[in-house]
Every structure is written in C-alpha cells, then in structure tokens.
Amino acid sequence: MTGENFKYKTEKVDKEIYSLIKKRWDAVAKPIDGLGKFEEYICRIGAIQKSVNPRLTKAGVVVFCADNGIVDEGVSQSDQSVTALCAGNIATYKSVLGKFASMLDCNISVVDVGMAYDSGCKDVIDNNIMHSTNNFLNEPAMTKEQLNEAVECGIKHAFRLKDEGYDIVAAGEMGIGNTTTSAAVISALLKMPAKECAGRGAGLDDKGLRRKIEVIDEAVKKYDLYNKDVTDVMSCVGGLDIAAMAGFYIGAAMASLPVILDGVISMCAAYVAYLMCKGVKDYYIPSHASREKCARIIAKSLDVNPVIDADMAVGEGTGSLMMLSLLRMANEVYSDGTGFDDYGLEQYTRRRQC
C-alpha cells in the first residue's frame, strides 16, 4: 500500500507551455542551456502557471511550528520552550528567514500546528491540534484523525495563498526534535536503518546521535514500520509540522501553485505528500542539499536535484528563499529576452545528440 488518497486531485502541468518557454530560452543571447537547471525551473513554473511569462513577484512562505514528544528521550539539546520562542521571532521577521524575506519582499505566515507552549505572539496563527505529539517510543505520536487534521490545515493555507494572489510559495518549519521525526519517517518509508538516515540535527554530540539512532530503530521495530503505509508511519513516528507541510504541498499542487522545497524536514514532507498524491511532484522546485543525511536520500527518491550545496542546516524555509532570489535573477534574464540579433550575433542552434 502507498497510502495514496484519491480525494487529492492535481492537474497535469502544461507541456506545451513548457516547450514554448524552452524555445524562447534558446533565443536568449547565451549558450544553449547556459543557465542549466534554472532554465528548466523557469519552464516548469510557467507550465504550472499556464503562462509563457512566469511570475515570481508575489511570494509567500508558511512556517508550520510543532513540538515532538520524542525529545523526552534525549535526542535534542534544546527543550520545547524554544519552539514557541522561535515561532514569535520568525513571525516578527527577526529570524534568519525574516531577514531573507525582508530583502526579497516575501510574506511570512507562521502557523502553530502543535506547539507545546503558547508563543505569546499575536502574529502566530493558532491552528494547534495538540500540544506536542506523544513520545513515540511509548505510544504513537498522534492519531490518524490528528494526522488528517494537520494535512488539511496545510492544504487550507496553500489555498489561502492562492486566493490572495501569490505567484509562488514555500513552506518552512520550526520544531525541536523534528530531525528525529523526519529521520524516523524516512527510515520507515525507505526501509533503511536509522544510522543511514539520522544526523546531528542542531548539534548533537556523539552520545546524543547514538541515542537518536537507537530510538528510531526501536520505534521502527516496535510498530513494524517497514510493513506499514505512509499514514501508519506518520501517525506512529511523524510530526505535526511534517504532516502540515505535506498538506501544504498537496494544496499548492491542487491550486496550481509552484512550490519551492527547503531542507531535510521539507524534503521529508515532500516525500510524504508524494506518497499521498503522486501528482504533487510536478509542482516541486528543489532548493538546497541540507547537511542532514536524509535530505540527499529523499532527493534521490523524489528524483529532484537541489542546486544549492552549502552544508546548511537552518530550517525555517531559508533555503527556499535563497532559491527564490536565484529564480528571480534567472527569470529576469528570460523576461528581458535580449536576443542574438541585439548583439549582432548569429543565434546558437540546438544540435541533435548522436
């Protein structure tokens, strides 16, 4: 079983628009495919938007915040109060993401989908489903009903951005312990031992990393997760932030919005969304290869190719906004359309491969 839910319907992206943009790229005064993957992603964005003039002006990132009961097992060097503190800082543009968003004129929405504590910030949207998931070593992290509620929350916020006229969107996360939940989900779904998936997160020492690996392997065995579908895996060891992000990606695809992926938690959510609704992958724009082991594993499984490789581990959606800036630069070259004739040059032609 894949866990795919057929109530989630996505349209196929417009291949004709993709081809037209590709043809126009070839007429821009530069070597054929000179901007590499950026040309492909501009083509994809236009195909999703059904326009030969891709729009990247109005951009928004939704940051889903949630706590994870598994931190009781010593898998993080921070406690759950940090999530609420960071949520308030992100919502008021004081975090790394906020600095990036201010430079790019990008809107941030912060959603409490499962924090243990109240942030005390009026700018944080309250969609709290439960005050932290359970310690999954003792009991399932959440019920199927809570999982579904988190997914639907993400879908709702994607459609909200669509209704507000956004051109391109991204999702971020904040939640102490969520590199453990994401590694557990990927370990289960890809049937890989935890040592191949788990990393140091926000800075675990060797003892903490060993405990993290033990916890994941024990949970996979406890719930027989190698033989369970995506909804079972998520309800047993997942996080509410991952579930909401997965819903956001599904909602973005349903609403025909291109969506930029972020780091390891984002990539995990993107894979969960893909198992729930195969069509979402056509709407993904990858950004960076996270420092965490899981990220490259998932990228390979999704057949997406992050273009930024900077050993980053910030989270929040920061990598997606870095990618947005690069996409805007590429789109400016495409939109300007300076051709070979403008330089008095003969146009390069695309040669057939032998």
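The values are calculated or read from the model by the stated rules, or taken from the named source; none is laboratory data. Please read these numbers as outputs of a predicted model, since none were measured by experiment. A quick note on method: Cβ atoms are made from the backbone with ideal geometry, for glycine too, and the neighbour counts reach across all protein chains shown.
Take region 11-43 and flag every residue that is in contact with a strand residue (DSSP E or B) (Cβ under 7 Å, 6 or more places away or on another chain) and under 24 Å from residue 325 (Cβ atoms).
The answer is 28, 29, 41.
Within region 1-116, which helices (runs of 4 or more DSSP H) (wholly inside it) include 2 or more residues that are touching a residue at least 60 places away in the same chain (Cβ under 8 Å) and within 19 Å of the chain's Cα centre (by Cα)?
The helices (runs of 4 or more DSSP H) meeting that bar are 37-49, 81-91, 96-104.
Would you say residue 143 is of a type outside the set (D, E, K, R), touching a helix residue (DSSP H, G or I) at 6+ places or on another chain (Cβ under 7 Å), surrounded by 24 or more Cβ atoms within 10 Å (Cβ to Cβ) and at pLDDT 95 or above? Working first, answer last.
Values: of a type outside the set (D, E, K, R): yes; touching a helix residue (DSSP H, G or I) at 6+ places or on another chain (Cβ under 7 Å): yes; surrounded by 24 or more Cβ atoms within 10 Å (Cβ to Cβ): no; at pLDDT 95 or above: yes.
Spelling it out, it is not the case that residue 143 is of a type outside the set (D, E, K, R), touching a helix residue (DSSP H, G or I) at 6+ places or on another chain (Cβ under 7 Å), surrounded by 24 or more Cβ atoms within 10 Å (Cβ to Cβ) and at pLDDT 95 or above.
Quick one: residue 155 ticks every box in (1) touching a residue at least 60 places away in the same chain (Cβ under 8 Å); (2) in a helix (DSSP H, G or I); (3) in contact with a strand residue (DSSP E or B) (Cβ under 9 Å, 6 or more places away or on another chain) bar one, so which box is it?
Here residue 155 clears every test but (3).
Which one is surrounded by the most Cβ atoms within 10 Å (Cβ to Cβ), of the residues in region 284-301 that are in a helix (DSSP H, G or I) and in contact with a Leu (Cβ under 7 Å, 6 or more places away or on another chain)? Before the answer, list the steps.
Kept after step one, since they are in a helix (DSSP H, G or I), are these residues of region 284-301: 293-301.
Subsequent filtering for residues that are in contact with a Leu (Cβ under 7 Å, 6 or more places away or on another chain) retains 297, 301.
On the way: 297: 21, 301: 15.
So the residue we want is 297.
If you check every pair at least six apart or on different chains, which have Cβ atoms under 7 Å apart with a residue in region 197-226 that is at pLDDT 70 or above first and a residue that is surrounded by fewer than 17 Cβ atoms within 10 Å (Cβ to Cβ) and not in a helix (DSSP H, G or I) second?
Close Cβ pairs satisfying both conditions: 211/74; 217/193; 226/191.
Of all residues in region 122-147, which are outside any strand (DSSP E or B) and aliphatic (A, V, I, L, M)?
Once the filter is applied, which keeps residues that are outside any strand (DSSP E or B) and aliphatic (A, V, I, L, M), region 122-147 yields 129, 130, 137, 141, 142, 147.
Which of the residues spanning region 117-150 are touching a residue at least 40 places away in the same chain (Cβ under 8 Å) and among the aliphatic types (A, V, I, L, M)?
Within region 117-150, 124, 129, 130, 137, 141, 142, 147, 150 qualify.
Among the residues of region 16-36, write down those that are surrounded by fewer than 17 Cβ atoms within 10 Å (Cβ to Cβ) and either farther than 12 Å from residue 349 by Cα or β-branched (Val, Ile, Thr) (or both).
Passing the criteria: 16, 19, 20, 32, 34, 36.
Inspect region 167-179 for any residue being surrounded by fewer than 24 Cβ atoms within 10 Å (Cβ to Cβ), out of contact with any Asp or Glu (no Cβ under 8 Å at 6 or more places or on another chain) and either of a type in the set (Asp, Glu) or over 24 Å from residue 314 (Cα atoms) (or both) and give the result as yes or no.
yes
Looking only at region 258-298, filter to residues that are within 11 Å of the chain's Cα centre (by Cα) and of a type in the set (S, T, N, Q); which one of those is nearest to residue 310 (Cα to Cα)?
First, the residues of region 258-298 that are within 11 Å of the chain's Cα centre (by Cα): 259-273, 284-288, 295.
With of a type in the set (S, T, N, Q) added as a condition, the list becomes 266, 287.
Working: 266: 17, 287: 11 Å.
Top of the filtered list is 287.
Which of (1) under 30 Å from residue 339 (Cα atoms); (2) surrounded by fewer than 19 Cβ atoms within 10 Å (Cβ to Cβ); (3) β-branched (Val, Ile, Thr) is the odd one out, the single condition residue 92 does not satisfy?
Exception for residue 92: condition (1).
Residue-by-condition table, conditions (1) small (Gly, Ala, Ser); (2) without any contact (Cβ under 8 Å) to a residue 40 or more places away in the chain; (3) buried (at least 19 other Cβ atoms within 10 Å of the Cβ):
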| residue | (1), (2), (3) |
| --- | --- |
| 261 | no, no, yes |
| 264 | no, no, yes |
| 268 | no, no, yes |
| 271 | no, no, yes |
| 277 | no, no, yes |
| 316 | no, no, yes |
| 324 | no, no, yes |
| 330 | yes, no, yes |
| 340 | no, no, no |
